[in-house]
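Each value in this text was obtained by applying a stated rule to the coordinates, not by laboratory testing. Everything numeric in this text was worked out from a predicted model, so none of it was measured. Cβ placement follows ideal geometry from the backbone for every residue including glycine, while neighbour counts extend to all protein chains displayed.
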Number of protein chains: 2
Amino acid sequence: MSHTMSEVATRAGVSKATVSRVLNRTHTIAPETERRVLEVVRQLKYHKNVHARRLATGRSDLFGLVISEIINPYFPELIRGFQAEAWDRGFDVLLCNTEYNSQRRVSVIQKLIEGDVRGVAIMTASLDRSGTSELTAAGIGVVFCNLGPAERLVSNISIDYQRGIAQAIEHVVQLGHRHAAVIAGPEDNRTAVIIKQALVAGLNERKLILSAVVNSNYRVDAGASAVRALVAAPELPTVIFCGNDLIAMGAMNALEEAGVRIPEDVSVIGIDDISFAFLARPPLTTIRVPRERLGTIAFQALDKMLQLKRRKGVDYYLETDLVIRRSTAPPRSRELGSAGLLLERAR
Amino acid sequence: MSHTMSEVATRAGVSKATVSRVLNRTHTIAPETERRVLEVVRQLKYHKNVHARRLATGRSDLFGLVISEIINPYFPELIRGFQAEAWDRGFDVLLCNTEYNSQRRVSVIQKLIEGDVRGVAIMTASLDRSGTSELTAAGIGVVFCNLGPAERLVSNISIDYQRGIAQAIEHVVQLGHRHAAVIAGPEDNRTAVIIKQALVAGLNERKLILSAVVNSNYRVDAGASAVRALVAAPELPTVIFCGNDLIAMGAMNALEEAGVRIPEDVSVIGIDDISFAFLARPPLTTIRVPRERLGTIAFQALDKMLQLKRRKGVDYYLETDLVIRRSTAPPRSRELGSAGLLLERAR
DNA sequence: GCGGTTTCTGAAACCGATTACACGCATCTG
DNA sequence: CAGATGCGTGTAATCGGTTTCAGAAACCGC
């Protein structure tokens, strides 16, 4: 179907080598020759066979992006950032879902190695680092998100939740809240653990009463069931910090079901600022993490690392900020003087 | 870094050819030989170079999936379905965003041709069919969504919106609505056009008063601004049909801002049933389109078509169904006897 | 015990590019 | 003007597999 380089060569009356050189601008070429070759290329609609090229050069123009699950609204923007950056530089990306399954993760990484990718961004945030050594052993660069310091051939991007969390806590303190609860993410998730610690520490520092700290997973229904437990307890907090926006939305649903009003009775704060956070009713106050930027930085990290002679990993940092919307407000208890009263209302 | 087949061959005391045969199970092999080869393969952690393989066999194990924009919540599930299906059969997928940009679309398709993919699913729903002929000319299978009948090497998956729309209209008629409005998708989108026509026809048939039919684009803000125009008009419809869920959510926002209550004052119906539809306040009544299934069918269509001797495209059909949630209810006018009164309330 | 299969294996061509090396020719240089 | 330099190009090896073809060995039935 498609033509080969030799065809172009004979048609243009030159050798394969010359054609290759013209196409790759890898050597000086007589203008006239170049013109002739390009003319033939255009006529034949020739384009080179990437497989042959990859085989000959020994390197592919592929990068891998490993995520947990594309349906998780955390990822699309990240993917976008990564892909856009890769394409701009002429690279392709192989997107891989682990589906939260470590077995699958292993096979995905295996596949990427076989696919001879140049670098891999592992954005699952799971504590699992398996596969890393195989990757680096094969000379493939790796970049993680929130997973320990950089090493040889592995970079790390740390999302600094501290700032956003500090802002959020300041925000609720200003509003006058005294009773808080935390619904954190799963314990096998490094990011979730970091967030939980920061939240608890910050809340204690400001002397808020922490009526509950529960672990959940990053899904809507988990937020809902966590809240149902909270509502059943004698005293309801006036503000609930959620490990991500999905949990927050589940929490808001469950609160509404229980007849608790947001933000009048209880304020809710999420993390991530997924695209639907502002569409929630009420629009969700949340700590924004720059996900698209995370994607672009991840690619840049790989690209830069692989260009270095001494391929050393680098540490990157990303900041977070509070986005105030309408799911937070002064607690009712301030007006009515009692959390007990609030609870009554809520029933 | 990684070993070659010849290394394995010499280590196992056989020829390259034999190793290849063992690995591909492409020929009968003496059990003893096979054991020896596999042993060496395991020892060396050998895995074959895909580029060499692709070059030699002349075919890749890649498929392309072209979408508009990964951030659009319509797509993640579709991608998931497609990818899962591809992986199950040992294929990889190259995901490509066109970013709603026809120039970009062209270059993406060009890239896929160069990448030597076996087949491409173009799920952008744009009316644009450019690139198709280049694809089929290169022997690459194509599958579209809602874009005319199948041809040689191009299949088509039609989503039958009729059924879902009929159910939706029946639903609002049952509820007693008489005044409707339609906020449709963009006019250069085949699907949007089909939906609008079906909606208008169905509504007319049931003799509802169509106070407005506007074209919009598939974004939240578009839904909002369309509604603002509607609210400014003297008579507010009692039910608004939206071209997709994003529009619907934007519409609900704008309605709320205008002090119109949903569903008491106005009912809203979306299309797609994106994952956030049920998290909207109130949860959105919508016409579900089976997007994950669309993805799997798209892949199966390609796979099947490419296995055929006579590579003929096939037409597939997917049904839609109404999902009733809480954004629809009987119109207030039924109780109060007048749409005018309703409007007053809304101010 | 012999021709005819069948089973297993190896040698070598081939896929379509890249690239090291060599060579011819024009241009400098002293 | 001899020798050095540099430019433009072709030849051929190479990347790491797959596959055709053919040959050796084992097996078969009569």
### Message
Return the chain B residue and its Cβ-to-axis distance, rounded to the nearest Å, for the rotation relating B to A.
### Response
B:281, 1
### Task
Run through the DSSP bridge list for chain A and note the antiparallel percent, rounded to the nearest 5.
15
### Task
Hey, can you grab everything whose amide H is under 5 Å from the amide H of residue B:328? Only 5+ residues off in sequence or another chain; H modelled, so Pro and N-termini drop out.
B:268, B:285
### Query
At what distance in nm do the modelled label points of residue B:17 and residue A:57 sit from each other, each positioned 7 Å from its Cα along Cα→Cβ?
3.4
### Query
So, in nm, how far is label residue A:311 from label residue A:30 when the simple model puts each one 7 Å beyond its Cα toward the Cβ?
4.1
### Summary
Non-local residues with an amide H under 5 Å from the amide H of residue A:94, with H modelled 1.01 Å from N and Pro and chain starts lacking one, are A:63, A:64, A:65
### Inter-copy label distances at residue B:311 (7 Å, Cα→Cβ; nm, one decimal)
3.6
### Query
Treating the beta-carbon of each Lys and Arg as +1 and of each Asp and Glu as -1, no other charges, what is the dipole magnitude of region A:5-48 about its Cα centre, to the nearest 20 debye?
140
### Likely footprinting exposure, B:102, A:275, fewest C-beta neighbours within 10 Å first
B:102, A:275
### Query
Roughly what angle does helix A:190-205 make with the longest principal axis of chain A, taking Cα atoms, 0 to 90 degrees, to the nearest 10?
30
### Task
Could you order peptides B:295-302, A:59-66 by the average number of other Cβ atoms within 10 Å of their residues, highest first?
B:295-302, A:59-66
## Note on the structure
Under Stokes-Einstein, region B:5-48 at 37 °C and 0.692 mPa s, with its Kirkwood radius over C-alpha pairs, diffuses with a coefficient in µm²/s of 331
### Cβ-defined net charge surrounding residue B:297, 15 Å radius [Lys, Arg +1; Asp, Glu -1]
-3
### Query
Sorted from fewest to most neighbouring beta carbons within 10 Å, what does the list A:205, B:256 look like?
A:205, B:256
### Summary
In the protein assembly as shown, taking the dipole from +1 charges on Lys and Arg beta carbons and -1 charges on Asp and Glu beta carbons about the Cα centre, the listed residue (A:64, A:2, B:274) farthest towards the positive end is A:2
### Summary
What helix-only [θ] at 222 nm does chain A give? Using -39500 (n - 2.57) per DSSP H run of at least 4, over all residues, to the nearest 500, the answer is -14000 deg cm²/dmol
### Query
Out of A:109, A:97, B:49, whose Cα points farthest toward the positive end of the dipole of the protein assembly as shown (charges: +1 Lys, Arg; -1 Asp, Glu; placed on Cβ)?
B:49
### Message
From the mean inverse distance of alpha carbon pairs (Kirkwood) and the Cα radius of gyration, derive Rg over Rh for the protein assembly as shown.
### Response
1.02
### Summary
Going fewest to most other Cβ atoms within 10 Å around each Cβ, B:16, A:48, A:207 line up as A:207, B:16, A:48
### Query
Which of A:328, B:301, B:181 sits closest to the plus end of the dipole of the protein assembly as shown, meaning its Cα is farthest towards the positive end, when Lys and Arg get +1 and Asp and Glu get -1 on the C-beta?
B:301
### Summary
DSSP beta bridges in the protein assembly as shown: the antiparallel percent, rounded to 5, is 15
#### Entry: Cα long-axis angle, helix B:75-88 against chain B (0 to 90 degrees, to the nearest 10)
20
### Rg to Rh, two decimals, where chain B supplies the alpha carbon set and Rh follows Kirkwood
1.16
### Task
Please give the average number of partner chain Cβ atoms lying within 10 Å of the Cβ of each residue in A:84-91, rounded to a whole number.
1
